[in-house]
Amino acid sequence: MLAVLWLTIKLAGITTILLLVLATPLAWWLARGTSRWKPVVGAVVALPIVLPPTVLGFYLLIALGPESPLMAPLQALGVRTLAFTFEGLVIGSLIYSLPFAVQPLRNAFIALGDEPMEAAATLGASWWESFTRVALPLALPGYAVAAILSFAHTVGEFGVVMMLGGGIPGETQVLSVEIFQLVEQLRWSEAHQLAGLLLAFGFLVTLTLLLMERRATRTG
């Protein structure tokens, strides 16, 4: 159980860190950009919210499999496939949890308005200095929400993990897959323990987000 728990935390942690980095420019563009393609890109980003996880997992399985043209550059380096590997799960988790990182950041950047960046520019700050010293600190609550949601969503994912990674011990067997396998084996007591753990975790995440929202409303 400890190995499964550690693998789940490792997957969620790596995914969350990468998402906060990757989602930042995308969320900024969606919040502040003027391109006519914004609705299309926004719809693609949000697609994992409405798409069945097994469908997303199926297409990722094909995209990261040995016959995929996307794998050709990696095959030259000796990597035949990313399906049924931890690295493949990270890629799948990034795509599956992307909207849960982008949306809070996008909302935070929209809430900034134009004044802070304009004020920094009038003081001679470059765009990068204005962004890192003004926009990012003001958007920290959005980053906190994005981190919590991304981590929790990755911990609870099942369909994508099952389709893309299966349940290889020590490699792709995370908590959600472990619960499924325990139920299949009629090991109800152990399944109850893990399910209860995820239930408590989900409650704490929801409570934390509600308390953060309440605090933001009071101070806003």
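Where a number appears in this text, it was derived from the coordinates with a stated rule and is not lab data. Here the structure is a predicted model, which means the values were calculated and not measured. In this analysis, Cβ positions are derived from the backbone assuming ideal geometry, glycine residues included, and neighbour counts consider all displayed protein chains.
Observations
- Projected onto its three principal axes, the C-alpha set of the stretch 87-185 covers 65, 21, 16 Å, listed from the longest axis down.
- For the stretch 149-155, 3J(HN,Hα) per residue [Karplus equation, 6.51 cos²θ - 1.76 cosθ + 1.60, θ = phi - 60°, Hz, x = Gly/Pro]: 5, 5, 5, 5, 5, 5, 4
- Fewest-first sequence of Phe151, Phe84 by Cβ atoms within 10 Å of each Cβ: Phe84, Phe151
- Karplus-derived 3J(HN,Hα) values for the stretch 44-61, using 6.51 cos²θ - 1.76 cosθ + 1.60 with θ = phi - 60°, are 5, 4, 7, 3, x, 5, 9, 7, x, x, 5, 5, 4, x, 4, 5, 5, 4 Hz; glycine and proline are entered as x.
- Segment Leu5-Glu184, length gained on full extension (0.36 nm per residue, minus Cα span): 62.5 nm
- Between the stretch 161-180 and the stretch 1-69, the Cα center-to-center distance that results, in Å: 18
- Whole-number percent relative contact order across the chain, with pairs defined as alpha carbons under 8 Å at least 6 apart: 30
- Of the peptides 98-104, 35-41, the ranking by mean beta-carbon count within 10 Å, highest at the top, reads 98-104, 35-41.
- Within the stretch 62-122, GluC sites (Glu not before Pro) in DSSP loop having at most 15 other beta-carbon neighbours inside 10 Å: Glu67
- This ranking places Val174, Val50, Val45, Val155 by how few other beta-carbon atoms lie within 10 Å of each, fewest first, which gives Val50, Val45, Val155, Val174.
- Distance histogram for the chain (every C-alpha pair counted, 10 angstrom bins, percent rounded to whole numbers): 8, 27, 32, 21, 10, 2, 0
- Our helix-only sum for the chain, with -39,500 (n - 2.57) per DSSP H run of n ≥ 4 divided by its residues, gives a mean residue ellipticity at 222 nm of -24500 deg cm²/dmol.
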